[in-house]
1. Identify, please: which residue in segment 58-71 is modelled with pLDDT of 85 or more and open to solvent by 50 Å² or more (accessible area, probe 1.4 Å) and is, among those, farthest from ARG17 (Cα to Cα)?
2. Of all the helices (runs of 4 or more DSSP H) wholly in segment 1-101, which have at least 2 residues that are touching a residue at least 60 places away in the same chain (Cβ under 8 Å)?
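The values are calculated or read from the model by the stated rules, or taken from the named source; none is laboratory data. These figures come from a predicted structure and were not determined experimentally. For neighbour counting, all protein chains shown are included, and Cβ atoms are generated from backbone atoms with ideal geometry for every residue, glycine included. Note: areas computed on protein heavy atoms with side chains; ligands, DNA, RNA excluded. Shrake-Rupley method; radii C 1.70, N 1.55, O 1.52, S 1.80 Å.
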Amino acid sequence: MASLNVGNLGEYLREQRRAAQLSLRQLADATGVSNPYLSQIERGLRKPSADVLQQVAKALRISAETLYVRAGILDEREREELETRAVILADPSINERQKNVLLQIYDSFRRENGFAPGPDADVNAGAEAGAGASADAAVGSDAGDDAGTRDGDDAGAGTTKDQDPHS
C-alpha cells in the first residue's frame, strides 16, 4: 500500500501515544478501534474518519480539532475559531447570557474584519448594533462609565437606579 497524504497525522499520533505511555493494543482497547487499523493510521496507510479521530483524541486526552487539522478535515482557521468558541462556552465564571453576548461580539468583530461568522452565529445573532450595549449590561457595573462613549450607546451608561429622570 502507498502512503496517503494525511499530513503528519500518523507521526503525531505515534508521538502522542508514546507520550501517554500507551501501546497500540492499549490505545485500541481504549478507543474501540482495531489495533491493525491504528497501526495503519500511524504508518500513513489509512485516513481515519472524524469519528475515529474523535475516539483517539479522547483516549489520548488531546484536542480532536488538532487531529482534524492534521488529517486535513478541518482548516487551521476553523480550528482556532472553534477553540475560541469552546473556551467561551466552557468558562464556568460567566453565565449563559454572558456567553451568548461574548459570542455575538466575537462574530461581530469577525464580520468587521472580513471573516465569516461562526457556525452558530444565527443562534447567537442579536441586533449587531446592540451587541455593545448588551455587553455593557452583561459585564455589570464594573464595565466603567466610559463604555457609553461609543456613538449611540451612551443613553443611561452613567446613570444609576436612584436617579430620577425628571429632576
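1. ARG70
2. Filter on segment 1-101 gives 64-71.
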